[in-house]
Amino acid sequence: MKKNSAVGSELITRLIWILLTIFFVIIVIHLVKRDFNHDEFEAVHTAWKIQQGEKIFVDFFQHHHPFYYYLLIPILAMFGQTVTAVFAMRLLSLVMLALMLFITYRLSLTIFNNKQSSLIGVLLLSCALVFVNRAIEIRPDVPQTVGSLASLLMLFNYLEKKRRLSLVISAIFLAASFLFLQKAVFLIALIGVTLLICAYKRNISWADVVIYTLVSLLSVLPYFVYLVCSGTLSVYVTFNWLLNMKFLHHFTAFEALGYALLTNTLLCVFYCWGLLQFSKKPQPNRIGWMSLALLGSVFLIRAPYKQCFMIVIPLMAIIAANAVWQLFAKRTKWLVAVLMLSTLPPALFLLNRLKENNAAQIEKINYVLSITGPQDFVYDGKVAFNLFRRDIDYFWFSVRPDKALATYQTMTQYNYDIYELIEKFRPKIISDCQIQNIRHEAVASDYIQSDKFENLFIRKNGL
């Protein structure tokens with residue numbers, strides 16, 4: 001029996017690695033071919049603006065923490081103002097995705113001490129489209145999730161072995177996660193509550209709670225000292241916190257949750273089953289409550305896009321994988337069926353998505369670069385094509401009636417007149433985004449419609 005069990009275990013391991021390899025190849029193809037989300041172009045243009053010497057929050061609008069954009073600047077320096085740089089940034093996200101999968105494996109191993117279950121968790125996470133589709137994009141959520149997962153891994157190592165070095169490293173990673181994106185505040189609160197409960201139950205010392213708090217604060221302190229010294233603390237608070245909390249465009253998390261249920265039904269089913277099957281061991285219970293709390297926190301966000309689920313999906317995958325292993329470890333055929341059924345639908349979804357290729361987007365970006373110079377102004381409005389040219393206003397994107405500009409105008413008397421801006425800065429190219437009257441004198445007298453893109457207008461020669 002033991003020999004048969006070993007053979008079955010080896011077969012499952014090989015199958016998981018085969019499925020992981022196939023799925024990762026599909027992800028790489030997806031990374032190269034798939035259309036770009038406008039958030040990706042927002043990140044690229046933000047990094048370019050900082051590289052050009054503009055101050056984030058002061059010279060141009062941004063409502064995310066800046067450290068991810070600093071991370072992208074070396075790529076711009078290496079590849080220049082080209083589409084190649086954009087693909088290199090996606091490649092960086094792929095590297096971080098691989099890192100997230102590895103950390104998830106180690107976290108699962110720390111909690112459940114089972115290599116097979118941990119490998120299954122990595123496979124389920126690789127197939128979780130609500131996670132993977134965002135993890136390969138150029139967005140600050142990616143390094144934020146890396147930092148958050150690394151913080152959790154070191155935290156659970158500390159809770160298991162009581163090594164203070166793990167505690168300190170966890171605090172540093174948590175601070176780094178926050179510096180990449182303020183959404184980490186939910187995990188910060190959750191870890192704080194976890195440590196307080198552990199200290200109250202005398203599982204850890206109160207001194208360790210103090211150490212964790214101090215290390216976290218000291219890690220983010222230099223940035224906030226810089227904000228104070230540069231006189232930008234108030235504008236940082238306005239655009240990173242107050243504006244986001246008052247955002248006019250809001251919806252519930254049920255849409256993204258429905259997408260997860262549709263594309264990864266078995267993951268969601270086994271996650272729910274796994275929550276009901278925990279033993280009396282503290283580590284599995286902690287990861288279960290943390291996953292539920294993080295899942296619930298998404299419903300507190302005014303605009304919970306799919307990327308808001310990135311931190312909780314790895315925890316769900318770990319729990320679901322353990323449930324799968326507990327149910328089917330001794331039923332090899334059933335386990336093979338579950339693994340195949342968990343992989344096939346997401347793979348088909350990804351392959352079908354390849355129809356939405358990025359060729360047209362790349363063509364438009366290159367077209368704009370070819371007819372403009374480094375000093376030319378361009379009006380885009382929705383981050384669709386202007387990656388490496390100057391903008392005509394502080395609000396260079398999110399100018400639709402329910403977006404950031406409109407939200408800010410409910411807080412201040414900020415004046416924004418697109419026709420006045422066009423007349424003042426005379427951009428070489430303008431789009432029709434939020435231009436209600438294309439026959440307005442500021443447009444009709446000085447611009448002609450592009451012969452390649454009907455929604456672009458080019459300033460006439462000599463004007």
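The values are calculated or read from the model by the stated rules, or taken from the named source; none is laboratory data. All values derive from a computational prediction rather than experimental measurement. Neighbour counts run over all protein chains shown; Cβ positions are idealised from the backbone, glycine included.
Structure notes:
- For the range 154-172, the criterion of being in the same structural domain as residue 286 (by TED's automatic domain parsing), under 19 Å from residue 109 (Cβ atoms) and not in a helix (DSSP H, G or I) is met by at least one residue.
- Out of 321, 337, sole residue that is closer than 30 Å to residue 288 by Cα and either outside the structural domain of residue 181 (by TED's automatic domain parsing) or surrounded by fewer than 20 Cβ atoms within 10 Å (Cβ to Cβ) (or both): 337
- The helices (runs of 4 or more DSSP H) found entirely in the range 341-448 that carry 3 or more residues being buried (at least 18 other Cβ atoms within 10 Å of the Cβ) are 359-370, 404-411, 418-425.
- Residues of the range 294-316 classified as β-branched (Val, Ile, Thr), part of a helix (DSSP H, G or I) and touching a residue at least 24 places away in the same chain (Cβ under 8 Å), total: 2
- Being in the same structural domain as residue 149 (by TED's automatic domain parsing), closer than 24 Å to residue 107 by Cα and buried (at least 19 other Cβ atoms within 10 Å of the Cβ) is a property that residue 264 has.
- The helices (runs of 4 or more DSSP H) found entirely in the range 59-141 that carry 2 or more residues being surrounded by 18 or more Cβ atoms within 10 Å (Cβ to Cβ) and more than 19 Å from the chain's Cα centre (by Cα) are 83-112, 115-126.
- The listed residue being surrounded by fewer than 18 Cβ atoms within 10 Å (Cβ to Cβ) and under 26 Å from the mean Cα position of the chain (by Cα), out of 299, 309: 299
- One residue from 242, 294 being under 30 Å from residue 159 (Cα atoms) and at pLDDT 95 or above: 294
- Flag if residue 453 is touching a residue at least 12 places away in the same chain (Cβ under 8 Å), within 24 Å of residue 62 (Cα to Cα) and either basic (Lys, Arg) or assigned to a loop (DSSP other than H, G, I, E, B) (or both): no
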